[in-house]
Amino acid sequence: MKFSLLLFAVVLGFVACQSNKSVEKPWTNLKAENFQKAINGKQVGLYFLANGDLHAAITNYGGRIVSLVVPGKNGELADVVLGFVSIDGYLDAREVFHGALIGRVGNRIANGKFSIDGTAYTLPLNNGVNHLHGGPGGFHNVVWDVIAATDSTLNLSYLSPDGEMGYPGNLQVDVTYTLTSKNEVRIDYHATTDKSTPVNLTNHAFFNLTGEANGTINNHLLTIYGDYYTPVDSTLIPLGENVPVKGTPFDFRTAKPIGQDLVKQDENEQLQNGLGYDHNFVLNKEEAGKMTLAATVVEPYSGRQMEVFTEEPGLQFYGGNFMDGSDVGKYGKHFDYRESFALETQHFPDSPNQPQFSSIILNPGEQYQTTSIYRFRVKE
């Protein structure tokens, strides 16, 4: 706690030196004491990180990115990740995945069922007829152990016991957040298990590059470096194949406004199924597991640019279609429809039931390791 308060004071000192009053707000609204709470017998806290132009606040409740402050043109800072001013905001939120680490399995598993070596497993349903993002007791709703914290890194650990949310095996998970000197948020994931189990870890930050709840994201220019995407049924479960984006509203191979093709929703079944964009994109990879550029997002007025790099084969692009204004964020503004987006690095949805997709089964003796990076810069 002394470390958190000291680092918070350092950050406040930095903010106080800035001339733009809008700079102060992201930090003066966040206080470590508003996150001090015991949940299921474990202590929650808030940790402040900084490196270069980046400043982040992360809580060990769900491993959530609470705040991420980045510069725009002329040095103006904005908090580009949606979050809440206290732990109670997360506990009461309608949208339960804000900024969180997701597991054991990110995305959907059809009917909450899968089999490994002939043994059937049943998971709780929390998304209609499907299991989503690890279930109601997934990694977003647990208190992670803080193993180490420095001025620019936070190492979190969680032991998911055998049978948690219906998954087999004791799964030991370690995640490290690092703010690098290249203006990056780097997330390193590592896991081991004592029984074969599916694992597909990701982060579920909601972004708006103009700042939290500062209007539509449909004018953001998005590029996704993938020639194929994954069509889904009305419950957002893959139909079984990946198809070319060419000639569809899912073609983001060259930059275009996110909202450009949403006018086609009435005539496009896939946009109807997702209520807009909520689909997996197959990233162009010369070699499986290689770190590559997955997506670029530019907000044209502020000049803020975010690049997403990942070792994962897929990227889920979600355009804020289910936000309805119920949640109110750090600055007293409602989280409204299509005013945020998520870019979740991942293996493909429903992989345990789709043998044509690459496997997400982790076996005893194996090491799960993957890294994703969110890099920020200003586009002139």
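Being of a type outside the set (A, V, I, L, M, F, W, C), in contact (Cβ under 8 Å) with a residue 40 or more places away in the chain and touching a His at 6+ places or on another chain (Cβ under 8 Å) narrows it down to one of Q316, Q354, so name that one.
Just one listed residue meets the conditions, Q316.
Condition check: within 18 Å of V105 (Cβ to Cβ) and among the polar types (S, T, N, Q). Does N273 satisfy that?
no
List the number of the failed condition for Q43; all other conditions in (1) over 23 Å from E339 (Cα atoms); (2) modelled with pLDDT under 95; (3) outside any loop (DSSP other than H, G, I, E, B) hold.
Result: Q43 fails condition (2) only.
For P349, which of the numbered conditions (1) under 18 Å from the mean Cα position of the chain (by Cα); (2) closer than 30 Å to D88 by Cα fails to hold?
(2)
Which condition from (1) in contact with a Pro (Cβ under 9 Å, 6 or more places away or on another chain); (2) in contact (Cβ under 8 Å) with a residue 40 or more places away in the chain; (3) not in a strand (DSSP E or B) is the one that T192 breaks?
Single failed check for T192: (3).
So V297 passes all but one of these: (1) farther than 21 Å from S234 by Cβ; (2) of a type in the set (A, V, I, L, M); (3) surrounded by fewer than 21 Cβ atoms within 10 Å (Cβ to Cβ). Which condition number does it fail?
Only one criterion in (1) farther than 21 Å from S234 by Cβ; (2) of a type in the set (A, V, I, L, M); (3) surrounded by fewer than 21 Cβ atoms within 10 Å (Cβ to Cβ) is unmet by V297, namely (3).
At pLDDT 95 or above, touching a helix residue (DSSP H, G or I) at 6+ places or on another chain (Cβ under 6 Å), buried (at least 18 other Cβ atoms within 10 Å of the Cβ) and more than 21 Å from N203 (Cβ to Cβ): which single residue out of F84, F97, F114 fits that description?
Exactly one of F84, F97, F114 is at pLDDT 95 or above, touching a helix residue (DSSP H, G or I) at 6+ places or on another chain (Cβ under 6 Å), buried (at least 18 other Cβ atoms within 10 Å of the Cβ) and more than 21 Å from N203 (Cβ to Cβ), namely F114.
Please count how many residues of segment 56-96 are basic (K, R) and either in contact with a Lys or Arg (Cβ under 8 Å, 6 or more places away or on another chain) or more than 19 Å from G215 (Cα to Cα) (or both).
Here the count works out to 2.
I'd like the residue in segment 285-301 that is touching a strand residue (DSSP E or B) at 6+ places or on another chain (Cβ under 7 Å) and either of a type in the set (F, W, Y) or assigned to a loop (DSSP other than H, G, I, E, B) (or both) and, out of all such residues, is farthest from T371 (Cα to Cα).
Of everything passing the filter in segment 285-301, P300 is farthest from T371 (Cα to Cα).
Scan segment 315-334 for residues that are assigned to a loop (DSSP other than H, G, I, E, B) and over 16 Å from the mean Cα position of the chain (by Cα) and jot them down.
D324, G325, S326, D327, G329, K330, Y331, G332, K333 - these are the residues of segment 315-334 that are assigned to a loop (DSSP other than H, G, I, E, B) and over 16 Å from the mean Cα position of the chain (by Cα).
Would you point out the residue of segment 206-252, among those that are among the aliphatic types (A, V, I, L, M) and part of a loop (DSSP other than H, G, I, E, B), that is surrounded by the fewest Cβ atoms within 10 Å (Cβ to Cβ)?
L239
If F309 satisfies every condition in (1) more than 21 Å from N218 (Cβ to Cβ); (2) touching an Asp or Glu at 6+ places or on another chain (Cβ under 6 Å); (3) not in a loop (DSSP other than H, G, I, E, B) but one, which is the exception?
(2)
The values are calculated or read from the model by the stated rules, or taken from the named source; none is laboratory data. Predicted, not measured: the structure shown is a model, and the values here were computed from it. In this analysis, Cβ positions are derived from the backbone assuming ideal geometry, glycine residues included, and neighbour counts consider all displayed protein chains.
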